[in-house]
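The values are calculated or read from the model by the stated rules, or taken from the named source; none is laboratory data. All values reported here derive from a predicted model rather than from experimental measurement. FYI the Cβ positions are ideal-geometry reconstructions off the backbone, even for glycines, and counts take in every protein chain you see.
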């Protein structure tokens, strides 16, 4: 629901069954720009799938250590322009998979072609690889190959980390006073 200042506050919703997933869909219809973060207790991926399918912006799985999910949550809050971004804990130095000093994302962005930029935009959305492949009129395998090449160029292991790098590159984070 929107806060008085105009920025939408994220909504945290448990999604452990079909009824709760439908509730996410209902929220999404009434508050289309509000970040919805689904809380799941998921081992096999089904609850995560249902949450994303019904419109969750992000999924927080209590079965996965919180420090491994902090970047994803930070990215969602940052893209929503939340002042709460500063309160999301930064991962400890020993847990960072790739050193950020080695990345040159601004240079990589400037070197991308029109199709690669379009693919990046789709990867930052909620579309599945199947939908992305159809929009490029190619097979899923071809899209996975192209996506892997983008991940390699940005030196990230996956989609969530790519979103974080792009958010850091295209927006400035101001430290909390």
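For the structure I just gave you, tell me whether residue 144 is at pLDDT 85 or above and assigned to a loop (DSSP other than H, G, I, E, B).
Working: at pLDDT 85 or above: yes; assigned to a loop (DSSP other than H, G, I, E, B): no.
In short, no.
Residue 119: surrounded by 15 or more Cβ atoms within 10 Å (Cβ to Cβ), assigned to a helix (DSSP H, G or I), at pLDDT below 85 and not assigned by TED's automatic domain parsing to the domain that holds residue 54, yes or no? Don't jump to the end; show me each part of the working.
Values: surrounded by 15 or more Cβ atoms within 10 Å (Cβ to Cβ): yes; assigned to a helix (DSSP H, G or I): yes; at pLDDT below 85: no; not assigned by TED's automatic domain parsing to the domain that holds residue 54: yes.
Considered against the rule, which asks whether it is surrounded by 15 or more Cβ atoms within 10 Å (Cβ to Cβ), assigned to a helix (DSSP H, G or I), at pLDDT below 85 and not assigned by TED's automatic domain parsing to the domain that holds residue 54, residue 119 comes out as no.
I'm trying to understand the selection: among the residues of the range 147-172, which are in a loop (DSSP other than H, G, I, E, B), within 15 Å of the chain's Cα centre (by Cα) and surrounded by 17 or more Cβ atoms within 10 Å (Cβ to Cβ)?
The answer is 156, and nothing else.
Among the numbered criteria (1) within 19 Å of the chain's Cα centre (by Cα); (2) at pLDDT below 70; (3) surrounded by 11 or more Cβ atoms within 10 Å (Cβ to Cβ); (4) not assigned by TED's automatic domain parsing to the domain that holds residue 136, which one does residue 42 miss?
Against the list (1) within 19 Å of the chain's Cα centre (by Cα); (2) at pLDDT below 70; (3) surrounded by 11 or more Cβ atoms within 10 Å (Cβ to Cβ); (4) not assigned by TED's automatic domain parsing to the domain that holds residue 136, residue 42 comes up short only on (2).
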